[in-house]
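Note sheet for the following structure.
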Amino acid sequence: MSSLNDQHLGLVALAASGEKRWFFGHVGAGLLALDRLKTYDSSAELAPALEQYRGKAKTFVEESEMRASLTPGSAAVDDWRERLGAALVPHTKVLRNSGHGTIYITWAIRILSSSPDLATDPVVAGLEALAQSALNEDKSRYLSIRDHDRIYYDDAEVPTSETDRVASAFHAALPQFQDLETSERTYFLTGSKIHVLTYLHALMELQHFGFDDLHDAGISRWWKHLQLCRAMELVAKDYGAAAWSYPEGTTDPYAKVHEDPHAYKYRAAALDLLASDANSDRSALKSVMDRMQWVWAP
């Protein structure tokens with residue numbers, strides 16, 4: 001297993017999470033995001049996080065039914081694109097878990113598009129189960145909005161250009177409030193907002209890899225998520241949410257970044273979007289990213 005590359009290990013860890021619940025997909029997605037960051041960041045910067053997430057992913061897979069998939073040799077299936085595309089169709093019709101189902105499966109599609117030999121039946125079946133699990137959600141995820149499937153929003157307001165969508169995602173993702181704990185649940189106000197960016201990144205990746213229908217249908221779900229995050233922000237203060245402030249002694253909101261794969265997912269998505277040819281105002285977007293302090297100290 002020591003000879004496995006990070007893409008193979010991250011993919012299998014994603015598939016293994018299908019045995020449990022969607023939240024466990026963060027392990028594999030975190031490693032795949034770190035692998036993507038090799039395009040942008042130095043090996044010295046990434047080394048501590050890569051070592052930790054390789055260990056996390058290996059342990060997670062070894063304790064699952066997917067451990068046999070760590071050994072190369074199983075035959076790949078030819079219909080993996082059709083199967084994963086079908087698994088994502090329900091996610092274009094409803095909004096669940098801040099777009100995690102789409103985000104996870106798109107990371108897998110990125111890897112399988114360049115390494116289709118890894119698309120064995122157990123791996124694809126695990127990813128299908130992960131996509132299904134991500135459809136299950138507590139309807140009170142969005143603060144004060146109990147039934148966000150029925151909330152009104154205007155499709156005509158969705159930005160038509162990719163450039164405007166990217167700009168909207170960057171600016172909507174700026175943290176405003178700290179997470180809020182109530183008697184009902186914890187509302188991850190910052191995390192929900194920043195997924196506006198990772199969700200859009202996933203949809204643009206789907207288009208890049210030839211899933212145009214999923215991209216086109218999913219954009220309205222992404223826009224709904226953005227609008228719901230804005231609505232949360234309007235009422236968060238009334239619920240007693242504290243304004244966002246950096247932890248004492250640091251300007252990094254992810255001071256415990258090695259414990260949180262989101263920092264890598266956010267950074268990889270942001271840098272990919274900044275590198276997009278469609279962005280006409282990269283300097284402005286880079287300024288927003290800098291204010292979000294998506295950096296870490298090894």
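The values are calculated or read from the model by the stated rules, or taken from the named source; none is laboratory data. No experiment lies behind these values; they were computed from the predicted model shown. Positions of Cβ are generated from backbone atoms using ideal geometry, with glycine treated the same way; all protein chains shown enter the neighbour counts. For accessibility, only protein heavy atoms count, side chains too; no ligands or nucleic acids. Shrake-Rupley method; radii C 1.70, N 1.55, O 1.52, S 1.80 Å.
Points worth noting:
- Scanning the stretch 1-17 for residues that are part of a helix (DSSP H, G or I), over 14 Å from Arg67 (Cβ atoms) and open to solvent by 10 Å² or more (accessible area, probe 1.4 Å) yields Asp6, Gln7.
- Yes/no for Gly30 being open to solvent by less than 10 Å² (accessible area, probe 1.4 Å), of a type outside the set (Val, Ile, Thr) and either touching a Phe, Trp or Tyr at 6+ places or on another chain (Cβ under 9 Å) or closer than 13 Å to Ser69 by Cβ (or both): yes
- Apart from one condition, Ala217 fits all of (1) under 17 Å from Arg141 (Cα atoms); (2) out of contact with any Cys (no Cβ under 8 Å at 6 or more places or on another chain); the exception is (1).
- Out of Gly101, Gly85, sole residue that is of a type outside the set (Phe, Trp, Tyr), closer than 14 Å to Leu14 by Cα and out of contact with any strand residue (DSSP E or B) (no Cβ under 7 Å at 6 or more places or on another chain): Gly101
- Counted residues, the stretch 60-74 - those being open to solvent by 80 Å² or more (accessible area, probe 1.4 Å), touching a helix residue (DSSP H, G or I) at 6+ places or on another chain (Cβ under 9 Å) and assigned to a loop (DSSP other than H, G, I, E, B): 2
- The residues on offer are Ala119, Ala57, Ala87, and the sole one that is under 29 Å from Cys229 (Cβ atoms), small (Gly, Ala, Ser), touching a residue at least 40 places away in the same chain (Cβ under 8 Å) and open to solvent by less than 40 Å² (accessible area, probe 1.4 Å) is Ala87.
- Of all residues in the stretch 40-59, those that are out of contact with any Leu (no Cβ under 7 Å at 6 or more places or on another chain) and in a helix (DSSP H, G or I) total 10.
- Contacts under 7 angstrom Cβ, first residue in the stretch 228-243 being within 12 Å of Ser192 (Cβ to Cβ), partner in a loop (DSSP other than H, G, I, E, B) and open to solvent by less than 40 Å² (accessible area, probe 1.4 Å), 6 or more apart: Leu228/Tyr142; Leu228/Ile145; Leu228/His148; Ala231/Ile145; Met232/Tyr142; Met232/Leu143; Ala236/Leu143
- Any hit, the stretch 106-113, residues being without any contact (Cβ under 8 Å) to a residue 40 or more places away in the chain and either open to solvent by 60 Å² or more (accessible area, probe 1.4 Å) or within 27 Å of Leu271 (Cβ to Cβ) (or both): no
- Residues of the stretch 137-175 satisfying the condition of being under 30 Å from Ala284 (Cα atoms), under 20 Å from the mean Cα position of the chain (by Cα), assigned to a loop (DSSP other than H, G, I, E, B) and modelled with pLDDT of 80 or more: Tyr142, Ala173, Leu174
Residue-by-condition table, conditions (1) assigned to a helix (DSSP H, G or I); (2) at pLDDT 75 or above:
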site: Ala231; (1), (2): yes, yes
site: Ala236; (1), (2): yes, yes
site: Glu248; (1), (2): no, no
site: Thr251; (1), (2): no, no
site: His258; (1), (2): yes, no
site: Ala263; (1), (2): yes, yes
site: Ser287; (1), (2): yes, yes
